[in-house]
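Take a look at the structure set out below.
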Amino acid sequence: MTALLLGRDVIGLPVVTIDRGEDVAEVRELVFERDGALAGFTLNKRGFLGGRMRELLVAANVAAVGPAAVMIDSDGCLAADEGSTASVGGSGGGSGDARVFGDEVITESGSALGTITDVVVLCGGGLALVGYQLAKADKSTAFVPLPAQRSISGSHLVVPDELATQLRHDLTGLGEGVAPYKDGLET
Amino acid sequence: MTVNLSELIGRKVVAVDTAEQIGAIGHVRVDPGTGRITAMTVGKGRKAQVVSPDAVRAIAGDVVTVTSAAALREADDDDERALVGGDRDLLRRRVLTTAGYEVGAVADCEFDDDGVLQVVRTTEGEHLAAAFRGVGSYAVVVAAADT
């Protein structure tokens, strides 16, 4: 079975080093590239009074994302924020072109399916975005597998027409939708 | 013969040169790369002192024997201070896999006579020493089953 996590479940997870077993940070927000890919995480210090850390955790340095922790090889995997092109797509919507949360999902023929409320990541090795959670006009929730995406702009996500009838209504369904593409994700 | 960590902690320590008891084992540090015990403390808390493995004669008997009370020393680097502070303790520490799953807490560890880790027993199962990746104040890390 493919295990999946929502972005909001990843926020707040401890970032733990494999070599020393220390919780060196916790996930503050997800950071997206301009093309909608997950670039990595901004970080908070651990603990009740932990403020924001300067370092970023880029996707390439993530050993695994699991339900209990984000694993990295060592604390050298945290890199200083050098003003990358990526921007934060947190609940506030972030700034710039890489906004993902709140984007409207439309089909190629122009029907609105809903707005993106969260992202879905694959548990296990690395950091892989596999889909989006969206809120439909009738307030119900649905999931879109990432491979169905045609394009994303910062305001809209365009998906094929046939997806309108294939929306997944729970994560298990999305897992089945993702499974055929999983081999391609684990490069 | 094997030694369980839970039995090693608290075992009396006797110096073989004077035959005097000089304390009891407080903390044990295991190197994740080799699985070997790389240091132990005699005593706990602020009075704990470090003993290097080269001063240890045997751990598997009724008492732990060390060459001399003079072999005990203060913690002299960050890693040894972490050991004295309990941050390298394995028992009851949460166990995470390299895939980010929590798989219980350490119930006990089994060493051979030479102080080489054989098995980590958790509240949910067993992990061979080869799966042991790291230990720190937050967690013991073991390799995920499929890696």
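The values are calculated or read from the model by the stated rules, or taken from the named source; none is laboratory data. Note that the structure is a prediction, hence the values are computed from the model and not measured. When we count neighbours, we look across all protein chains shown, and the Cβ atoms used for this are built from the backbone with ideal geometry, even at glycine. Just the protein is used for accessible areas: all its heavy atoms, side chains included, with ligands, DNA and RNA removed. Shrake-Rupley method; radii C 1.70, N 1.55, O 1.52, S 1.80 Å.
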**Prompt:** Is it true that B:Ala70 is among the hydrophobic types (A, V, I, L, M, F, W, C) and not in a helix (DSSP H, G or I)?
**Reply:** no
**Asked** Which pairs do you get when a residue that is at the interface with another protein chain (Cβ under 7 Å from one of its Cβ atoms) and open to solvent by 20 Å² or more (accessible area, probe 1.4 Å), found in region A:56-69, comes within reach of a residue that is of a type in the set (Val, Ile, Thr) and part of a loop (DSSP other than H, G, I, E, B), reach meaning Cβ atoms under 9 angstrom, with the pair 6+ apart or on two chains?
**Response** A:Ala63/A:Ile18; A:Ala63/B:Thr98
**Request:** Output the number of residues of region A:7-16 satisfying the condition of being buried (at least 21 other Cβ atoms within 10 Å of the Cβ) and within 7 Å of another protein chain (Cβ to nearest Cβ).
**Result:** 1
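Per-residue answers, yes or no, for (1) closer than 16 Å to B:Val30 by Cα; (2) outside any strand (DSSP E or B):
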{"position": "B:Arg46", "(1), (2)": "no, yes"}
{"position": "B:Arg81", "(1), (2)": "yes, yes"}
{"position": "B:Leu90", "(1), (2)": "yes, yes"}
{"position": "B:Leu96", "(1), (2)": "no, no"}
{"position": "B:Ala99", "(1), (2)": "no, yes"}
**Message:** Looking at region A:134-148, can you tell me whether even one residue there is open to solvent by 50 Å² or more (accessible area, probe 1.4 Å) and at pLDDT below 75?
**Reply:** yes
**Item:** Counted residues, region B:70-99 - those being over 19 Å from B:Leu8 (Cα atoms), facing another protein chain (nearest Cβ under 9 Å) and within 16 Å of the chain's Cα centre (by Cα)
**Value:** 1
**Message:** Among the residues in region B:24-44, are any surrounded by fewer than 20 Cβ atoms within 10 Å (Cβ to Cβ), in a strand (DSSP E or B) and among the polar types (S, T, N, Q)?
**Reply:** yes
**Prompt:** Of the conditions (1) under 16 Å from the mean Cα position of the chain (by Cα); (2) within 11 Å of another protein chain (Cβ to nearest Cβ); (3) among the acidic types (Asp, Glu), B:Asp54 fails just one. Which one is it?
**Reply:** (2)
**Item:** Residue count, region B:104-147 (criterion: facing chain A (nearest Cβ under 10 Å) and open to solvent by 50 Å² or more (accessible area, probe 1.4 Å))
**Value:** 3
